[in-house]
1. Given the criterion part of a loop (DSSP other than H, G, I, E, B), closer than 19 Å to Gln365 by Cβ and at pLDDT below 95, identify the matching residue among Gly264, Gly240.
2. Does any residue in region 217-235 that is on the phi > 0 side of the Ramachandran plot come within less than 8 Å, Cβ to Cβ, of a residue that is in a strand (DSSP E or B) six or more places away or on a different chain, and which pairs are these?
3. Return the residues of region 153-174 that are under 16 Å from Ser109 (Cβ atoms) and part of a loop (DSSP other than H, G, I, E, B); say none if nothing qualifies.
4. Out of Ala151, Ala125, I need the residue that is surrounded by fewer than 17 Cβ atoms within 10 Å (Cβ to Cβ) and among the hydrophobic types (A, V, I, L, M, F, W, C). Which one?
5. Filter region 119-159 for residues that are in contact (Cβ under 8 Å) with a residue 24 or more places away in the chain and polar (S, T, N, Q) and give the result.
6. Taking interchain pairs and intrachain pairs at least six residues apart, which have beta carbon atoms under 9 angstrom, with the first residue in region 389-413 and over 14 Å from Val444 (Cβ atoms) and in contact (Cβ under 8 Å) with a residue 24 or more places away in the chain and the second aromatic (Phe, Trp, Tyr) and surrounded by fewer than 19 Cβ atoms within 10 Å (Cβ to Cβ)?
7. Please pick out the residue among Ala363, Ala293 that is aliphatic (A, V, I, L, M), closer than 25 Å to Asp45 by Cα and surrounded by 22 or more Cβ atoms within 10 Å (Cβ to Cβ).
8. Arg204: out of contact with any helix residue (DSSP H, G or I) (no Cβ under 6 Å at 6 or more places or on another chain) and exposed (fewer than 14 other Cβ atoms within 10 Å of the Cβ), yes or no?
Amino acid sequence: MNLRYSHILRDAALNDLDELMPNDTPAESATNRTTLSNVISCLSDYDPDALPVPDAQTIIRQFIQPINAVEKVAIRSALDRVLAADIISPINVPSHDNSAMDGYAFRGSDLHKEQDLQLKIVGTAYAGRAYEGSVGSGECVRIMTGAVMPAECDTVIPQEFTRDESEQGVSIPAGVVRTGDNRRLKGEDLAIGTPALQKGRILRPADLGLLASLGIGEVPVQRRLRVAFFSTGDELRSIGETLDEGCVYDSNRYTLHGMLTRLGCDIVDMGVIKDDPAALEAAFRTACENADAIITSGGVSVGAADYTKQMMAELGDVTFWKIGMRPGRPMAFGKIQSHGKEAYLFGLPGNPVAVMVTFYFLARQALLHMMGASAVEAPPMLRVVSKAAIRKRPGRTEYQRGILSLNSDGVQEVRITGSQGSGVLRSMSEANCMVVLEHDRAEVKAGDLVNVILFEGLI
């Protein structure tokens with residue numbers, strides 16, 4: 001075993017392992033095990049040599065099972081974590097009827113449709129300090145935003161809408177407010193006993209604020225998904241190594257590191273594994289025994305030295321696809337086993353752009369599902385104008401790197417970033433979106449509408 005990555009994996013596995021592993025879902029029994037062949041058999045016209053993208057997404061979604069391991073974290077540490085249980089509001093929010101404005105609180109029944117209302121000021125209500133007296137007909141209290149409404153009052157007039165304001169009284173013009181205006185009701189945002197946040201939600205900044213507003217300092221979340229990844233190939237060199245003739249620096253591990261980090265995974269970079277059966281087997285077994293999912297790049301095509309496919313097939317329930325997509329045609333998917341442990345496997349192509357595209361449109365949703373996230377649908381698409389013609393033939397889904405911008409008329413339009421070769425990583429760096437050209441679509445003309453997925457929120 002390669003000591004350089006074995007100690008990394010060991011350290012990662014020991015991170016809270018004793019606390020978390022007892023909660024993990026046990027392996028399925030042989031009788032209840034979901035196999036790829038079972039899933040695939042339900043898909044009509046299945047062809048591993050010409051598999052449409054939607055069919056591949058369906059198979060992956062149906063085969064993947066979420067992990068089941070829960071931990072409690074402070075809300076400051078809960079950002080981007082997946083909520084493991086519904087959060088039920090322990091209080092009413094707001095806790096009392098209160099004012100939505102700085103102004104004057106009074107009885108709405110005092111209003112008259114066609115004449116101004118003169119009110120006597122009998123006190124002041126501050127946020128955090130309620131007015132303790134009573135308010136009769138023809139009276140009002142000066143009130144601040146968030147202050148508790150006096151029991152007799154149901155309406156607030158904003159200060160800027162009043163007339164003839166003095167220490168003793170104020171005038172309300174006819175027709176500027178209606179009964180009940182500018183009052184926030186008790187429990188209006190959240191009523192006690194109702195769900196504030198639901199299980200499976202990926203927690204965002206606003207959610208942390210909501211939890212704090214309920215007085216909740218800790219929340220149950222799914223443990224982070226553990227993902228091991230490595231690149232395969234004798235031609236690959238890591239940064240810092242000499243770049244021999246015919247060799248290239250491995251960029252895929254760095255893009256995978258970034259994508260997995262953005263997704264909130266615990267990651268283990270196992271480096272570059274040479275095209276050697278023994279080294280590959282050791283890498284797969286070590287990864288399988290210490291991670292929930294394994295991602296490889298390279299070794300899933302038809303090359304003579306591609307031992308990766310052989311090793312995948314020997315270790316588990318794995319299928320090999322030629323997907324109708326560009327870039328990213330070859331891909332392996334399944335589950336492998338080693339010494340009683342199991343891990344899902346995503347064997348991605350070796351070309352840098354193909355790695356990113358297959359990750360975003362095939363692996364990403366699967367990993368989110370494994371995390372227990374409830375919202376794992378594809379990111380929303382925009383329908384925008386193509387600035388120029390785009391070559392496309394029917395029979396495959398194409399993902400073109402694009403730059404979305406506003407034209408002189410303020411209309412959104414997109415242009416592709418020049419060469420769309422699967423090895424042109426610079427095009428991904430320059431782009432801010434992906435132009436998604438559907439399976440059956442033919443050539444795009446300038447001015448045609450196309451689907452676009454923004455990188456922001458995806459990457």
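The values are calculated or read from the model by the stated rules, or taken from the named source; none is laboratory data. The structure displayed is predicted, hence computed values, not measured ones. All Cβ positions, glycine included, derive from the backbone under ideal geometry; neighbour counts span all protein chains shown.
1. Step by step, each of Gly264, Gly240 is checked, and only Gly264 is part of a loop (DSSP other than H, G, I, E, B), closer than 19 Å to Gln365 by Cβ and at pLDDT below 95.
2. Between residues of region 217-235 that are on the phi > 0 side of the Ramachandran plot and residues that are in a strand (DSSP E or B), the close pairs are Gly233/Val272.
3. Cys153, Asp154, Ala174, listed by residue number.
4. Numbers: Ala125 fails: surrounded by fewer than 17 Cβ atoms within 10 Å (Cβ to Cβ).
Of the residues listed, the single one that is surrounded by fewer than 17 Cβ atoms within 10 Å (Cβ to Cβ) and among the hydrophobic types (A, V, I, L, M, F, W, C) is Ala151.
5. Answer for region 119-159, where residues must be in contact (Cβ under 8 Å) with a residue 24 or more places away in the chain and polar (S, T, N, Q): Ser137, Thr145, Thr155, Gln159.
6. none
7. The conditions single out Ala363.
8. Numbers: out of contact with any helix residue (DSSP H, G or I) (no Cβ under 6 Å at 6 or more places or on another chain): yes; exposed (fewer than 14 other Cβ atoms within 10 Å of the Cβ): yes.
When the stated conditions are applied, Arg204 passes them.
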